[in-house]
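The values are calculated or read from the model by the stated rules, or taken from the named source; none is laboratory data. Keep in mind that what you see is a predicted model, and the values were worked out from it rather than measured. So basically every Cβ, Gly included, is an ideal-geometry build from the backbone, and we count neighbours across all protein chains shown.
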Amino acid sequence: MDTHVLGIAEARSGLSTLIDGMTTNPSDIAIIGSHRKPEVALIPYATFLDLKNRAEGAAVSVGLKAVRAHADLIRRIGSTWGIHDIAVFGSVARGEEGADSDIDFLVDAEPGRSYFDIAGFEIDLEQLLGRPVDVLTRDALDPARTRDKTMLDEAILL
């Protein structure tokens with residue numbers, strides 16, 4: 001999936017259309033920036049309230065259902081960093097998460113992407129989900145190792 005970063009002028013001129021699209025499809029978002037670098041995300045108000053309430057509340061567990069609710073946005077964020085085939089593994093994938101659990105993601109990165117891209121994606125997800133996030137690339141795993149094979153087997157693609 002290719003994410004289009006709207007220029008500021010383009011977003012300004014098409015703001016009514018963007019808002020109408022979000023009204024009919026609440027999972028729509030608009031990523032706005034300059035020089036193709038994402039700066040902000042325009043999101044539906046209900047999504048904003050959900051994020052705000054979680055940021056102000058006590059630590060709560062974030063399960064697979066909550067992660068899947070943000071799947072479109074997670075994939076779009078990933079595509080801005082050259083990350084694709086995003087899956088959840090670990091306690092969240094197994095339904096064993098707690099209030100202090102992090103969220104583990106297994107991803108593929110485009111050739112030529114660096115650890116800075118993976119770290120940027122990780123930071124963006126932590127801000128979105130309000131939880132610590134770990135990101136691991138499939139290339140780093142060896143299916144011959146039992147632990148790595150378990151991670152690959154339990155991963156749930158978003």
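Okay, here's what the table says:
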| quantity | calculated |
| --- | --- |
| Segment 103-158, residues that are touching a Phe, Trp or Tyr at 6+ places or on another chain (Cβ under 6 Å) and farther than 16 Å from Arg75 by Cβ | Asp104, Met151, Glu154 |
| Any hit, segment 96-111, residues being among the hydrophobic types (A, V, I, L, M, F, W, C), in a helix (DSSP H, G or I) and touching a strand residue (DSSP E or B) at 6+ places or on another chain (Cβ under 9 Å) | no |
| Residue, nearest to Asp100 (Cα to Cα), within segment 133-158, restricted to residues that are among the hydroxyl-bearing types (Ser, Thr, Tyr) and either at pLDDT below 90 or not in a strand (DSSP E or B) (or both) | Thr150 |
| Residue list for segment 31-49, filter: surrounded by fewer than 16 Cβ atoms within 10 Å (Cβ to Cβ) and within 18 Å of Ile77 (Cα to Cα) | Ser34, His35, Arg36, Lys37, Glu39, Val40, Phe48 |
| Condition met for Val88 (surrounded by 12 or more Cβ atoms within 10 Å (Cβ to Cβ), at pLDDT below 75 and more than 22 Å from Asp28 (Cβ to Cβ)) | no |
| Criterion: acidic (Asp, Glu), surrounded by 14 or more Cβ atoms within 10 Å (Cβ to Cβ) and free of Cβ contacts under 8 Å to residues at least 60 places away in the same chain - qualifying residue of Asp20, Asp28 | Asp28 |
| Cβ-Cβ under 7 Å pairs, at least 6 apart or on other chains, segment 91-111 side within 19 Å of Glu122 (Cβ to Cβ), far side surrounded by fewer than 17 Cβ atoms within 10 Å (Cβ to Cβ) and β-branched (Val, Ile, Thr) | Ala93/Ile156; Val107/Thr137; Asp108/Thr137; Ala109/Thr137 |
